[in-house]
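Bear in mind these aren't lab numbers, they're just calculated from the coordinates by the rules spelled out. Model, not experiment: these values are computed from the prediction. Here the Cβ positions follow ideal geometry from the backbone for every residue, glycine too, while neighbour counts run over all protein chains shown.
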Amino acid sequence: MRSLVNILLDTMGGDNAPYAMVRGALDALKIQEGFEVTLLGDEAAIENILINEEYNKDRLHIRHTTQEITNNDKPTKAIKIKTDSSMVVGFNMLKNNEGDVFISTGSSGALLVGAVTILRRIPGIDRPALGTVIPSKKGRVLLIDAGLNMTCRPEHYQQFAYMGSAYMKAVFETDNPKVGLVNVGTEEGKGTSVVNEANDLLKGSNVNYVGYVEGKDILLGTADVVVTDGFTGNVILKLIEGASDFFLSGVKDVFTSRFFTKIGALFLKKGFKAFKKTLDPDVNGGAPILGVNGLVIKSHGNSTAKTIKHVILKADALARSTYMDDIKKELENMSHDESEILQDNI
């Protein structure tokens, strides 16, 4: 049994590879103990970045790979053919218990295909999903799905609810997480037939379902887990990120426009800095792929070293959590729900 959590890091995906990944790993290792990082990718390119760096060689390792999966590759074909790519090697190491969690900024499609075909789905899950934590007025909310499944059937929303609840319980110790379903209104009968059917399923489930939530309710903390399809979820996520940048930039312009506002900014600096951190996509980056037999985290393609540092720290916490056990317990509850529904219809 390993004494340290081993975090597998794909260094070949994303816009800033491999520098951002290597630099981010070095920064994470400096500020926290208890884990080690295995860098997956071109050994020569990685060593070229490390050449002038001081680091603990017992905690940072390199696993040389000769291939790379790009966003231009067809996901299924790439996972099948590029067996020595950093992504496929990472999945296989995770499957063979050579690592505890796998991080990649690579193609979302390839990550999903690799997770499903190599790690396999947890029994009871049809569609793995991305779960992204975003700030809310009451603390935080998990948005699921945040970008993997463009269309969903009613039962998929139910599965997302169970996975999201398990995640919030295990990682953030949220007691009995409130679950909401994204819709264009809160009234019964609003929205599509699929969403309406999902609403009926969630009403009969064992999750703490609070009903429909609108877009404006998400940041208010109406629910701890917000369930939607990947298309809508990704739009919500990108809108929040864009709105955050717009708001913070506007506030900065106001504070720096005149002498007296600059003076006022000095008094508000500490509080404003803390608030800004809650909206920082680099600090809050990294979304776990929930529903597969292994801990996989997807970070956005333009991740910086700062992003990777925070994702690694999040990965360490996730690896130490009881999430995998908790989600299986939640799925047992879902199976019980379905049995009751079947009995009611006999």
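The simple spin-label model puts a point 7 Å past each Cα toward its Cβ; for Lys138 and Asp15 those points are separated by 3.5 nm. Each peptide in 195-202, 211-218, 3-10 receives the mean, over its residues, of other Cβ atoms within 10 Å, and ordering these scores from highest gives 3-10, 195-202, 211-218. Of the cross-linked pairs Lys30/Lys238; Lys57/Lys238; Lys138/Lys252, those separated by over 29 Å at the C-alpha level are Lys30/Lys238; Lys57/Lys238. Where both bridge residues fall in the chain, DSSP classifies roughly 30% of the beta bridges as antiparallel. Judged by the mean number of other Cβ atoms found within 10 Å, the most tightly packed of the peptides 161-168, 228-235 leads the ranking 161-168, 228-235. Convex hull volume of the Cα atoms of the chain, normalised per residue: 158 Å³. In a fully extended conformation the segment linking Arg258 and Leu220 would gain 10.4 nm over its present Cα-Cα distance, using 0.36 nm per residue. Between Leu4 and Arg120, the contour length at 0.36 nm per residue exceeds the Cα-Cα span by 39.2 nm. Here the sum of -39500 (n - 2.57) over DSSP H runs of 4 or more residues, divided by the residues of the chain, equals -15000 deg cm²/dmol at 222 nm, to the nearest 500. With a Förster radius of 25 Å, plug the Cβ-Cβ distance of Glu155 and Thr322 into 1/(1 + (r/R0)^6) and report the FRET value to the nearest 0.05. Here the calculated transfer efficiency is 0.50. For the residue pairs Lys80/Lys329; Lys169/Lys314; Lys169/Lys328; Lys137/Lys203; Lys137/Lys169, the alpha carbons lie more than 21 Å apart in Lys80/Lys329; Lys137/Lys203.
Measuring from label point to label point, each 7 Å out along Cα→Cβ, what is the Ala45 to Lys190 span in nm? The two pseudo-label positions are separated by 4.7 nm.
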